[in-house]
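**Student:** Handing you this structure, nothing more for now.
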Amino acid sequence: AVRSAELEVLPELGEMGSKAAGGSMATTVRITTNRALVAKLEELSRPPGPASFWYGLGAMFRTVGKGIDEAGRLVQMESAYNEKLPIPCTLVTIGGKAPSIGQNFVAPSASLVGDVSLSPGASVWYGAVVRATGAPITIGELSCVQENATLVSKPSAPLSIGRLVTIGAGALVEGATLLDGCSVGPGCIIAAGSSMGVTSILAAGSVLAAKTAVPAGEIWAGKPAIKVGDVLAADAESSAADARATCALSVIHCEHAWMSLSDTEFTALQYKTELNRPENYSEELRDAPTFVVLPTLKMRITEVSAELS
């Protein structure tokens with residue numbers, strides 16, 4: 001009987017040893033990765049000939065396929081089913097820390113990475129990136145991160161955003177503290193260690209230097225940003241109203257952004273049908289037990305705003 005045996009699978013991959021003791025078999029496997037071998041295997045798996053030839057051939061096949069699909073759609077006419085793939089949002093867990101979004105609106109195409117926490121009513125809009133690197137990011141109630149904005153925390157600089165804060169589209173905020181009611185204009189850059197006081201405003205396109213503190217109730221602008229004025233009561237109320245309106249709109253986007261394709265098309269058909277009806281059609285059916293008025297965007301925003309208040 002063979003009491004022990006040692007088998008070498010591939011010198012490049014490692015060694016496998018098998019040892020038998022009594023009637024039982026204990027197996028020990030040790031694998032050492034060889035990058036050169038992996039690269040060689042990838043090279044051998046490619047088809048022969050220049051890559052440009054296969055790229056051109058593949059492009060031709062894809063073009064022909066699209067043409068055939070379009071021809072089939074035209075033949076089916078209004079019965080055709082147009083498959084559409086939604087762009088998902090990305091939630092990434094880093095170091096055991098996962099984003100916490102609750103029931104808030106995080107748009108398709110937005111990305112949240114690591115220890116990111118959204119309070120009720122907060123929203124992250126299309127194309128925005130919120131990345132917690134070594135420190136948490138907290139976004140307060142009714143605050144919004146608008147399109148293509150980037151929020152980043154650093155190990156020595158967490159990012160804290162208060163209540164009713166607006167981060168404008170395309171802004172970059174690194175490891176800062178933004179207190180309640182402040183407003184960051186589109187395209188602004190806020191360097192690590194900076195802070196903005198209550199109801200303060202940073203004008204569009206401004207650059208706030210590292211470790212700069214903007215006092216409460218001041219307006220700053222420029223590159224680098226400096227004080228250019230004071231926030232009036234009307235300005236603060238307008239910023240808060242804008243934040244609440246954005247929150248109301250986020251509720252509506254949350255209701256529709258993740259609808260299935262069939263539900264989206266059915267809803268669109270309902271509105272199209274109602275649009276083509278006579279003006280007095282709804283009045284004639286108001287007494288019908290099954291009559292339901294389709295909500296307009298203005299009606300829904302008013303309803304949600306009343307709930308939020």
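The values are calculated or read from the model by the stated rules, or taken from the named source; none is laboratory data. A quick note: this is a predicted structure, and the numbers were derived from the prediction, not measured. Ideal geometry is used to build each Cβ from the backbone, glycine not excepted, and the neighbour counts take in all protein chains shown. Quick note on the areas: whole protein, heavy atoms, side chains included, nothing else; ligands and nucleic acids left out. Shrake-Rupley method; radii C 1.70, N 1.55, O 1.52, S 1.80 Å.
**Student:** Mind checking whether some residue in segment 153-161 is within 15 Å of residue 220 (Cα to Cα), open to solvent by 10 Å² or more (accessible area, probe 1.4 Å), out of contact with any Cys (no Cβ under 7 Å at 6 or more places or on another chain) and in a loop (DSSP other than H, G, I, E, B)?
**Tutor:** no
**Student:** So which residues in segment 237-279 are among the hydrophobic types (A, V, I, L, M, F, W, C) and open to solvent by 80 Å² or more (accessible area, probe 1.4 Å), if there are any at all?
**Tutor:** From segment 237-279, those among the hydrophobic types (A, V, I, L, M, F, W, C) are 240-241, 243, 245, 247-249, 251-252, 254, 257-259, 261, 266, 268-269, 275; that's our starting set.
Those that are among the hydrophobic types (A, V, I, L, M, F, W, C) and open to solvent by 80 Å² or more (accessible area, probe 1.4 Å): 258, 266, 269, 275.
**Student:** Quick check: is even one residue across segment 89-106 assigned to a strand (DSSP E or B), modelled with pLDDT of 85 or more and open to solvent by 100 Å² or more (accessible area, probe 1.4 Å)? Walk me through it before giving the result.
**Tutor:** So the first thing to find is which residues in segment 89-106 are assigned to a strand (DSSP E or B), and the list is 90-92, 94, 97, 100, 105-106.
Next, from what is left, pick out any that are modelled with pLDDT of 85 or more: 91-92, 94, 97, 100, 105-106.
Going one step further and asking which of them are open to solvent by 100 Å² or more (accessible area, probe 1.4 Å), we end up with 97.
Yes, there is a match, as at least one residue in segment 89-106 is assigned to a strand (DSSP E or B), modelled with pLDDT of 85 or more and open to solvent by 100 Å² or more (accessible area, probe 1.4 Å).
**Student:** Can you tell me which of 129, 124 is among the β-branched types (Val, Ile, Thr), buried (at least 24 other Cβ atoms within 10 Å of the Cβ) and in contact with a strand residue (DSSP E or B) (Cβ under 7 Å, 6 or more places away or on another chain)?
**Tutor:** 124
**Student:** Does residue 166 meet the test of being buried (at least 20 other Cβ atoms within 10 Å of the Cβ), under 21 Å from residue 105 (Cβ atoms) and in contact with a Cys (Cβ under 8 Å, 6 or more places away or on another chain)?
**Tutor:** yes
**Student:** Out of segment 186-217, which residues are over 20 Å from the mean Cα position of the chain (by Cα) and of a type outside the set (A, V, I, L, M, F, W, C)?
**Tutor:** Hits for segment 186-217 are 193, 194, 195, 197, 199, 200, 205, 206, 211, 212, 215, 217.
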